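Have a look at the structure below before the remarks.
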Amino acid sequence: MKFIETTLWQDGKERCVTFSYDDGRIEDRRLVALFNKYGLKATFHLNNPGFEKHFPQFLSDPEFVSPEEYKELYRGHEVSCHGEQHSFMYYTPDEYIRREIRENRRFLESVMGYPVRGMSYPFGSFDDRVIANCRAEGMEYARTASESMSFGIPSDFMNWTGTCHHERATKELFEKFMSPMLYGFMRLYYIWGHSYELNTEEKWAHMEEVCKTVSGHEGIWYATNIEIVDYINALRGLRFTADCTAAYNPSCTDVWIKVDREPVCIPAGKTVAL
């Protein structure tokens, strides 16, 4: 029997990089420009307009990106949920959680014109009950506010912990991400934060150095959060014959696997002899 490994990203790459940013502050404009400059992909988790009036910490009257800007500003990236009013979902009833996601999703979809299918938990507040309610409202992934400092893929995308906050995205961590692998596991470098935290030129310089460091590598796939979810679900959805001599891909996404350590593409909707 041939040696089969489902360990490759799109185009047969072994590594993937993604970014994730919350709240939609006007600093997103400069951050998106950086991502575009270096050919990177990000997901932006946004609330409904006016949410900030519910939180005293926002009384300094920060500025937010106007919904009229969303389609052009975030073109090529992903817009995702962050709750209608940025509530602590752990401390709210089921009905409130469902409304938080439903109304946020309706608003974002009305602006962007495509299905919004993921989120990040406001304040990182969640438990199994929150997950169940968010999933019931159509969410297919949700990012936490924790850091793994590693490069794994979650078994459940509704409990998705990123690698690190951008402050801890060091060259040493990237070197670890790029180091030779004893075994051919897929690696995912997930960087997250808030653009308003980049409030000095020194911090912006660090962010540009992060972008420059991770960009332009032939062996890395640069993707949004939902692109990663769709790819992994398609990869996990492959159907193999009992003797692993053929694989069927029932999804609409081309996926890559290793056969005797060589990359093989399984096109969408096709069966491939291995």
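List the pairs whose first member sits in the range 182-207 and is more than 26 Å from Glu14 (Cβ to Cβ), whose second member is surrounded by fewer than 17 Cβ atoms within 10 Å (Cβ to Cβ), and whose Cβ atoms are under 6 Å apart, counting only residues at least 6 apart or on separate chains?
Pairs found: Leu198/Trp204.
Could you run through the range 155-191 and say how many residues are more than 21 Å from Cys211 (Cβ to Cβ) and either at pLDDT 95 or above or out of contact with any Phe, Trp or Tyr (no Cβ under 8 Å at 6 or more places or on another chain) (or both)?
13
Only residues that are touching a residue at least 60 places away in the same chain (Cβ under 8 Å) and in a helix (DSSP H, G or I): list them for the range 131-165, please.
Once the filter is applied, which keeps residues that are touching a residue at least 60 places away in the same chain (Cβ under 8 Å) and in a helix (DSSP H, G or I), the range 131-165 yields only Phe157.
Of the conditions (1) under 18 Å from His77 (Cβ atoms); (2) within 18 Å of the chain's Cα centre (by Cα); (3) touching a residue at least 60 places away in the same chain (Cβ under 8 Å); (4) buried (at least 17 other Cβ atoms within 10 Å of the Cβ), Leu235 clears all except one; give me its number.
Leu235 satisfies every listed condition except (1).
Residue by residue through the range 238-267, note down the ones that are exposed (fewer than 13 other Cβ atoms within 10 Å of the Cβ) and aliphatic (A, V, I, L, M).
If the condition is that a residue be exposed (fewer than 13 other Cβ atoms within 10 Å of the Cβ) and aliphatic (A, V, I, L, M), then Ala242 is the only one that fits.
What single numbered condition from (1) closer than 21 Å to Leu40 by Cβ; (2) of a type in the set (S, T, N, Q); (3) assigned to a loop (DSSP other than H, G, I, E, B) fails to hold for Ser251?
With (1) closer than 21 Å to Leu40 by Cβ; (2) of a type in the set (S, T, N, Q); (3) assigned to a loop (DSSP other than H, G, I, E, B) applied to Ser251, the lone miss is (1).
Filter the range 186-243 down to residues that are aromatic (Phe, Trp, Tyr), closer than 26 Å to Phe64 by Cβ and in a strand (DSSP E or B), then give me how many there are.
Counting residues in the range 186-243 that are aromatic (Phe, Trp, Tyr), closer than 26 Å to Phe64 by Cβ and in a strand (DSSP E or B) gives 2.
Out of Ala205, Ala223, I need the residue that is small (Gly, Ala, Ser) and closer than 20 Å to Glu147 by Cβ. Which one?
Unique residue meeting the criteria: Ala223.
If you scan the range 89-128, which residues turn out to be touching a Pro at 6+ places or on another chain (Cβ under 7 Å) and either closer than 17 Å to Asp23 by Cβ or buried (at least 17 other Cβ atoms within 10 Å of the Cβ) (or both)?
Across the range 89-128, the qualifying residues are Met89, Val111.
Residues are listed down the side, and each one gets a yes or a no for (1) under 30 Å from Met181 (Cα atoms); (2) touching a Gly at 6+ places or on another chain (Cβ under 9 Å):
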| residue | (1), (2) |
| --- | --- |
| Leu73 | no, no |
| Gln85 | no, yes |
| Tyr90 | no, no |
| Ser110 | no, no |
| Pro115 | no, yes |
| Arg129 | no, no |
| Arg135 | no, no |
| Ala145 | yes, yes |
| Met149 | yes, no |
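Considering every residue within the range 146-162, establish whether at least one is over 24 Å from Pro122 (Cα atoms) and surrounded by 22 or more Cβ atoms within 10 Å (Cβ to Cβ).
There is no residue in the range 146-162 that is over 24 Å from Pro122 (Cα atoms) and surrounded by 22 or more Cβ atoms within 10 Å (Cβ to Cβ).
Test Leu274 against the criterion of being more than 23 Å from the chain's Cα centre (by Cα) and surrounded by 14 or more Cβ atoms within 10 Å (Cβ to Cβ), and give yes or no.
So Leu274 passes the test.
For Arg239, indicate whether it is modelled with pLDDT of 95 or more, within 21 Å of Met1 (Cβ to Cβ) and among the basic types (Lys, Arg).
yes
Determine which member of the set Tyr96, Tyr90, Tyr74 is at pLDDT below 95 and either more than 25 Å from Ile228 (Cβ to Cβ) or not aliphatic (A, V, I, L, M) (or both).
Unique residue meeting the criteria: Tyr90.
The values are calculated or read from the model by the stated rules, or taken from the named source; none is laboratory data. The model shown is predicted, which means the values in this text are computed figures rather than measured ones. Neighbour counts are summed over all protein chains in view; Cβ atoms, including those assigned to glycine, are modelled from backbone coordinates with ideal geometry.
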